[in-house]
Amino acid sequence: MRFLLVLVFCMTLSVLTAQAGEVTGEVVIESSVSGRAKNTNPNRKTTLKKYGMKNVKQATRGGEGGLPPNENVDERDFVVVYLTGEKDGAKLSTTPRTVEILQEDRRFFDHVTAMPLGSSVKFTNKDKFYHHIYCPDSSKLNVPEHRGIVTRKPDSLGKYELFCDIHPLMNAYLFVVPNDSFAVTKGGQFSIKGVPPGNYVLKAWHPRLKTKSYDVKVGDGKSSVKVTL
């Protein structure tokens, strides 16, 4: 009897997997991308004064926002693409997890990180000195003078911008999405697998560009979307 139950479960799982679709696509950036954000924390001077300095060394690898020099930066690497607006009875699952944002060599890695609602973010400081994380979007993500590992849990969807009050070029973004059907682009390319068949709204978010929305129909194969920002 137990064997039959396991067999039925495996067969059901294989059918559901076979029916799941995949959304692939490309992001093209046609709009002008604004300059990188600056830390506007009114209490930042207090932090710097505590360390007896007006400023600290910049990100040693150069570039704005703790990123590589501008000519080596591909803005198409920083787009979060995700599905929402389920219709026709389609249901997207949400699986909480823990993601990691590193602080190393006076930089955040990665510049853009995405995770489903209910997840936690682990800030890991690999430098031998303090970092002081400031988030203008939620004080819950502030991490004063920390070394080692500290975990925080955002409680709402959307953007959480991150800075370091000590190191001026450190800047990154955590973006919380509603479900597991999301991807962060690489060179403008993205793939979202395991999507139940149905009609959805695909959204594309970039830290410094207007969010775009596209209707997408997902079957049991691949659905392709071209995103223009």
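Taking other C-beta atoms within 10 Å as the exposure proxy, ILE166, ILE149, ILE101 rank ILE149, ILE101, ILE166 from fewest upward. Sorting PHE129, PHE108 from the fewest to the most surrounding beta carbons within 10 angstrom yields PHE129, PHE108.
Given the convex hull of the Cα atoms of region 96-171, what is a quarter of its surface area in nm²? Walk me through the intermediate numbers first.
Values: hull surface 17.4 nm².
Mean shadow area of the hull around the Cα atoms is 4.3 nm².
The mean of 1/r over all distinct Cα pairs in region 22-228, once inverted, gives the Kirkwood hydrodynamic radius of 18.1 Å.
Readers should treat all values here as calculations from the given coordinates under stated rules, not as data from a laboratory. Bear in mind that the values here come from a model prediction, so they are computed numbers and not experimental data. Cβ coordinates were reconstructed from backbone atoms using ideal geometry, including for glycine residues, and neighbour counts include every protein chain displayed.
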